[in-house]
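For reference, the structure discussed in these notes is given below.
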Amino acid sequence: MLALVCVFGSRLVGNVYGQIWRYGGIQCYIRLLCTDAIAFLVYMGFELLLPIEKITFPRMLCLSCLNLLGALSLRMAYRYAYKCGNQETLVGRFLSWILYTVSGVSAANNKESQKIKIAIIGAGRVGVSFAEELLNNEEAAYIPRCFIDNDVDKVGREIQGIPVWSEDKATFRRLSELEVQEIVFAIPSMDVEKKKTLYEYYKNAGYKLKVYDYPIVYAAGGKRHLREFDTEDLLFRKPLVVADERTNDYYKDKVILITGGGGSIGSELCRQLAKMSPKKIVILDIYENGAYDVQQELKIAYGSELNLQIEICSITHKKALEKVFEKHHPQIVINAAAHKHVPLMEHNCVEAIYNNIFGTRNLVELCEKYEAERFMMVSTDKAVNPTNVMGATKRMCEMIVQSASTHGKVKYSATRFGNVLGSAGSVIPLFRRQIANGGPVTVTDKRIIRYFMTIPEASQLVLQSGAMAKNGELFVLDMGKPVKIYDLAENMIRLSGVHGVQIIETGLRPGEKLYEELLVKTEELDKTENSMIFIERDTALSEEEISRRLALLQDACDTGDDDMAREALRKAVPTFRKPEEVNREADLKEKVEEKGNYKLKKSGYKIAAL
């Protein structure tokens, strides 16, 4: 009787009977083990103090262990019956009947027939935690049927009762036997080529594919979740991580002003900087809704730990801009504010010059006046041998910044990269809308290729390059292989599952060229400590020459005539060429290469894919 009191008393104090055992994990079993161990020690104490019949220690230990084993076995059997009971198999029906007869509880898997059966690629930490999350959530819409993994230590074994198969063993027949409907990728570090191969393999077999990972466009405090195999994943390019501890240390305890802080790049810069413990982040934007959205996001994620200020004004309004500098005295200024849409700027040349060029000049002058430490400019690959107004204005901005580095007190740098996935001006949102409407998907030219980055990559590049800059550098990222826009459109259509969507060519837009370049002079590159970042050194113009070109642009813009402004821009930016000339050269080069390849084939030579 005393032993019974000790055991039940200890379990009541430890709240063992207050737990719902069908959802219990290892912590529940550890709690039961600990409470019974305490009961054993208490009983030993009572036996020594009270005049009762003594039990030998080995016998007492044996009885305690048998009691504990029985308690554990009953709970494990109950949990097993709850999880494995179903109406589909004889064993499942028996377990379900036993469970209901003994406890009056229906088996969880009675709902399993309505759930979506999935196979999880990856039996590592991420894949297993995802499976556990589904198994422990009775309301989950998915049920894991198997893991697919090539780890020899896991293949052929079970995790949480789920079999682990190798890729060779996970045949379509075996997946069909398990009624697998979807494949979920749960290996964030998977090699990009491997991911592409598996994607094509299972997609061609008719399976719907999903990813258990962070969203492509990150939000502060974001977590992994099950999402569609997004369009950005179709690039199958390993994300570049360019931020490091030295970068974090540089921005710590600094007052940082981000112009265009509510935009795609600007808002991600704010997210990245918020992790680095800055003294203050000042978000400056003319569009209040974007600035408000990022402000609320960061407030939710960081609360009062982050000193965040919002300023609404245009970088072309110098008096309003000066008030911001006078109020906050920023140590670091990052200029991400710009008009970026190529076709729109072709028809609004005056506005593009005012905003991009004269806005940058205003920031440079105020940085000097209020003694900022560093000015970092966000540039674009379209500034290289530009064929459009937007690219030409950004090239002029680069020249302003490089010139200022020769005579100013502030340290200057510019960072150049390609198209940004998920940004407001990206082609992907357009393709999504067109596919949702049943097509057609419009591509200006089948031959167009572009370099792509994700928003976090672009933002990290800007921050690291700014931290490592000495003065006057133009940083360029090795962005890997360019992507053919036509192939991207085809992949998006296939991914959507919508049939009958056509792709049509609409012809090149004003100012658009077939191939973007990242460097002006590829032979003049310096390496940095980051193997993915290079420095292009260009001869900076004198302060007088920059002033002369700005005066030329000012006179043209004062007329309000876009054509006059465009011609003045051609004089100010000598590399600004007409797109027809550049595309004609590209066509000629392509034809020469095709002709050469045809001759090689005719001669019996094998040529590699270009």
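The values are calculated or read from the model by the stated rules, or taken from the named source; none is laboratory data. Quick caveat, the model's predicted, so the values are computed rather than measured. Because the Cβ atoms are built from the backbone with ideal geometry, glycine has one as well, and the counts that use them run over all protein chains shown. Side chains included, ligands, DNA and RNA excluded: accessible areas come from the protein's heavy atoms. Shrake-Rupley method; radii C 1.70, N 1.55, O 1.52, S 1.80 Å.
Some notes on this structure:
- Residue that is nearest to Asn362 (Cα to Cα) [pool: residues in region 404-418 that are of a type in the set (A, V, I, L, M) and not in a loop (DSSP other than H, G, I, E, B)]: Ala404
- For Ile310, the criteria (1) crowded, with 16+ Cβ neighbours inside 10 Å; (2) modelled with pLDDT of 95 or more; (3) closer than 28 Å to Asp558 by Cβ hold in every case but one, which is (3).
- Residue among His347, His339 that alone is closer than 29 Å to His407 by Cα and either of a type in the set (Gly, Ala, Ser) or open to solvent by 50 Å² or more (accessible area, probe 1.4 Å) (or both): His339
This table checks each residue for (1) under 27 Å from Ala81 (Cα atoms); (2) at pLDDT below 80; (3) part of a loop (DSSP other than H, G, I, E, B).
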| site | (1), (2), (3) |
| --- | --- |
| Arg22 | yes, yes, no |
| Tyr29 | yes, yes, no |
| Cys34 | yes, no, no |
| Val42 | no, no, no |
| Ile52 | no, yes, yes |
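- Of all residues in region 25-35 being open to solvent by less than 20 Å² (accessible area, probe 1.4 Å) and out of contact with any Ser or Thr (no Cβ under 6 Å at 6 or more places or on another chain), the one that is farthest from Gly9 (Cα to Cα): Gly25
- Pair list, Cβ under 6 Å, 6 or more apart: region 559-578 residue assigned to a loop (DSSP other than H, G, I, E, B), other residue among the polar types (S, T, N, Q): Thr575/Asn385; Arg577/Thr387
- When the helices (runs of 4 or more DSSP H) confined to region 258-340 are screened for residues that are in contact with a helix residue (DSSP H, G or I) (Cβ under 8 Å, 6 or more places away or on another chain) and either without any contact (Cβ under 8 Å) to a residue 24 or more places away in the chain or under 21 Å from Ala469 (Cα atoms) (or both), those reaching at least 3 such residues are found at 264-274.
- The one condition in (1) aromatic (Phe, Trp, Tyr); (2) over 25 Å from Ala338 (Cα atoms); (3) at pLDDT 90 or above that Tyr292 fails to fulfil: (2)
- Among the candidates Ile300, Ile281, residue that is over 18 Å from the mean Cα position of the chain (by Cα), of a type in the set (Val, Ile, Thr) and loosely packed, with under 14 Cβ neighbours inside 10 Å: Ile300
- Scanning region 85-108 turns up no residue that is modelled with pLDDT under 75, open to solvent by 60 Å² or more (accessible area, probe 1.4 Å), small (Gly, Ala, Ser) and assigned to a helix (DSSP H, G or I).
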